[in-house]
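A short reminder: the numbers here are calculations on the coordinates, not readings from a lab. This is a predicted model, so every value here is computed, not measured. So basically every Cβ, Gly included, is an ideal-geometry build from the backbone, and we count neighbours across all protein chains shown.
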Amino acid sequence: MTKPKWIDISQPLTNDMAHFPGDMPFDYSFTHTKKQTGLVNVGQIAGSVHTGTHIDAPFHYDSNGKTVDQLDLNLYIGEAIVLDVSHTEKITAETLQAFNLHGVTRVLLHTSLPNNPERFPEQMPELDTSIAEFLHENGVKLLGVDMPSVDPPESQDLATHQALYRHDIFILENLMLDHITPGRYELIALPLAISGADGSPVRAVLRQAG
């Protein structure tokens, strides 16, 4: 029996994509072209490691935390559940209690925020800090969201980042879940092996769990 195909849930990296206010925008350009050299096209990229679909390493919000190259890759490969929480603008522990998380260590939240990589949202649904303890009690190790951040852009204390960190839950942001049916999947969302980095873009994909 043929296995279901992998579904891309990552944002394409383009020169017109939105970026976090004050951060470096993504840029792809040619160092050399085949027309110039007669041999090959050679591209170069610049931009924040928090561009598009990406993971946050603890070093992002704790100077003593682990960097990307120190993270356990098993966090980003394995069974995940996609939950539809688009009916509310504030996601709390009570919101998540409606779902069966038995045996799941990776949770991906489809919120009310429409997927639009070219526009940075003026407002985002709120992730209440109460979700951290609830997810931890249910054995969750990775939380993915279809928003640029688990905290509002104007946050001065990164309360949700810190709450998740205290409960040993890692963060995956800017997923594209509008076209995904809620349910259980296999997830691959591997960060690049960037030495000493506080985050990394990922190519996140799902395949329906068999």
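Multiplying the residue separation of I45 and N115 by 0.36 nm and subtracting their alpha-carbon distance yields 22.8 nm.
Positive end of the dipole of the chain (Cβ unit charges, origin at the Cα centre): among G38, T95, A189, the Cα lying farthest that way belongs to G38.
Judged by the mean number of other Cβ atoms found within 10 Å, the most tightly packed of the peptides 25-36, 156-167 leads the ranking 156-167, 25-36. Compared with the alpha-carbon gap, the fully stretched path from E122 to T14 is longer by 36.8 nm at 0.36 nm per residue. Rounded to the nearest whole Hz, the Karplus-based 3J(HN,Hα) values (6.51 cos²θ - 1.76 cosθ + 1.60, θ = phi - 60°) of the stretch 187-196 follow the sequence 10, 10, 8, 7, x, 6, 7, 8, 4, x, with x at glycine and proline. Here the scattering of the chain is modelled by Debye summation over its C-alpha atoms, one equal scatterer each and no solvent; at q = 0.09, 0.10, 0.12, 0.18 Å⁻¹ the log10 of I(q)/I(0) is -0.35, -0.43, -0.62, -1.35. With θ taken as phi - 60° and the Karplus curve 6.51 cos²θ - 1.76 cosθ + 1.60 applied, the whole-hertz 3J(HN,Hα) list for the stretch 128-142 is 5, 5, 5, 5, 4, 5, 4, 5, 4, 4, 9, x, 7, 10, 9 Hz, x standing for glycine and proline. Report the antiparallel proportion of the DSSP beta bridges in the stretch 72-210 as a percent, rounded to a multiple of 5. Close to 45 percent. Contact order for the chain, expressed relative to its length and based on alpha carbon pairs under 8 Å spaced 6+ residues apart, stands at 31 percent. Once the C-beta distance of F99 and Q156 is scaled by a Förster radius of 41 Å, the resulting FRET efficiency is 0.85 to the nearest 0.05.
A dipole drawn for the stretch 85-209 from +1 and -1 charges on Cβ atoms has a positive end, and of Q162, L175, V150 the residue lying farthest that way is L175. In the stretch 1-129, a dipole from Cβ-located charges (positive for Lys and Arg, negative for Asp and Glu) runs towards its positive end, and of F20, V49, P125 it is V49 whose Cα lies farthest in that direction. Remark: the chain carries a charge dipole of roughly 1060 debye about the Cα centre, counting +1 on each Lys and Arg Cβ and -1 on each Asp and Glu Cβ. Lys-Lys pairs in the chain that are eight or more residues apart or on separate chains and whose Cα atoms lie under 30 Å of each other come to 5.
Think of each Lys and Arg Cβ as +1 and each Asp and Glu Cβ as -1; about the Cα centre, that makes the dipole of the stretch 47-146 roughly 200 debye.
Compared with the alpha-carbon gap, the fully stretched path from D84 to S63 is longer by 4.2 nm at 0.36 nm per residue. Mean residue ellipticity at 222 nm, helices only, the chain: -2500 deg cm²/dmol; runs of at least 4 DSSP H residues each add -39,500 (n - 2.57), and the sum is divided by the number of residues.
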